Structures are given as structure tokens and as C-alpha cells.
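Notes follow once the structure below has been shown.
The values are calculated or read from the model by the stated rules, or taken from the named source; none is laboratory data. Bear in mind that the values here come from a model prediction, so they are computed numbers and not experimental data. Because the Cβ atoms are built from the backbone with ideal geometry, glycine has one as well, and the counts that use them run over all protein chains shown.
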Amino acid sequence: MAKPFWSIAAAAALGGCVSLPATAPETVGPEPVAVAAPTPATDYMKESAEVAALLAYYQELLDLPAEELKREYQSVSQSFARDRSELSRLRLALLMCVPGVSWRDDAKLLALLDGTASRKAPPDSSPRRQFIVLLQKLVAERQKEQKRADELQQKLDAMLTIERNLRGRRTQKK
């Protein structure tokens, strides 16, 4: 009794498969290719990768000898003068952030960062903008600390002058 039931079930299942076409219908001409338009998510990922590459570039700069660093600065500076792209602007900014270089100019660096197109992007939507804001804050902090160091040096120099004057008076009294 169970045997005929399974036979009928198998025949019905196989019969249902017969009604399906064996091959896909042929299409005339090439298949349409879906081109994905850039989405905010892909732009964000692209910018994140660019920022990571810029950070790696800065790390490489810190390891360069002085002569190679100078050649890199000249090369990137010339490249920026030619194309004024956002990437060359940020590379030049990073070169200007390297400690102890003769071309370090915080005012010029801030002007360079203020001119970036990413500066106008919404704060949370652009990793590049976040990177630029970080650089600006670091430069502003460095300027504040340099100003404080200069003030302390002036006070120290004034105290040393007072001390010399006092010693000069003591030797004159004797």
C-alpha cells in the first residue's frame, strides 16, 4: 500500500519538473551590464583607504634621511604646483608636519589645509575631512605650545638678566 503512494508521489514530482524549460531563454544582443553609481558608502570606504595610505606615507617620511626628505618635499611641492589636487595638497601638508625640517611653516600649512575641498564636506561623512580637521587641531596646538615656550624663554632670559645685574651690583659694593 505504501509502495503505490511513493510511486505516485515520485511521478508527480518528476512530472512537475518536465514543465520547466531545460535551458534559459535566449536573449538577443549583449546582456545589460549594471554599472554601480558611487554611493556614499563606497566614497567613505575610498576616503578611508586614502587616509590610511596618507598615514602610511607620513610614517615613511619619518624614516627618511634628511636629503631624501628634502628631495621628496621638492618633488611633492612641484607636483602640487602643477595639479593642485587634494591628494598632493595633503601630501605636502604632511611633509610640512615632519618635525625638525627647515620648510616647516605653520601659517602656510594652515592656509594649505583651509584650501582643501574636503574641508566643506559634512563632518561625519568624510574621513578625509576628519583627517584635515585633526591636522589643523594638531598644528594649532603646536602653535599654542610654541607660543608658551617662547613666553617662558623670555621670562627665563629676563630672570637671568636680573641675576647678572644683581651679581654686578654685589661685585661693585665689595
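Quick rundown of the values:
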| quantity | calculated |
| --- | --- |
| All positions within segment 85-109 that are in a helix (DSSP H, G or I) and either small (Gly, Ala, Ser) or in contact with a His (Cβ under 6 Å, 6 or more places away or on another chain) (or both) | Ser88, Ala93, Ala107 |
| Residue list for segment 134-174, restricted to those being in contact (Cβ under 8 Å) with a residue 12 or more places away in the chain and hydrophobic (A, V, I, L, M, F, W, C) | Leu135, Leu138, Val139, Ala140 |
| Matching residues in segment 58-93 - criterion: being closer than 16 Å to Asp105 by Cα and of a type in the set (Gly, Ala, Ser) | Ser77, Ala93 |
| Residue check for Arg91: under 27 Å from Ala56 (Cβ atoms), of a type in the set (Lys, Arg), surrounded by 12 or more Cβ atoms within 10 Å (Cβ to Cβ) and at pLDDT 90 or above | yes |
| Of residues in segment 122-152 being of a type in the set (Gly, Ala, Ser) and at pLDDT below 90, the one surrounded by the most Cβ atoms within 10 Å (Cβ to Cβ) | Ser126 |
| Of all residues in segment 44-64 being more than 8 Å from the chain's Cα centre (by Cα) and touching a residue at least 12 places away in the same chain (Cβ under 8 Å), the one that is nearest to Leu134 (Cα to Cα) | Tyr58 |
| Residue selected from segment 110-121 under the condition of a type outside the set (A, V, I, L, M, F, W, C) and assigned to a loop (DSSP other than H, G, I, E, B), by the criterion modelled with the highest pLDDT | Gly115 |
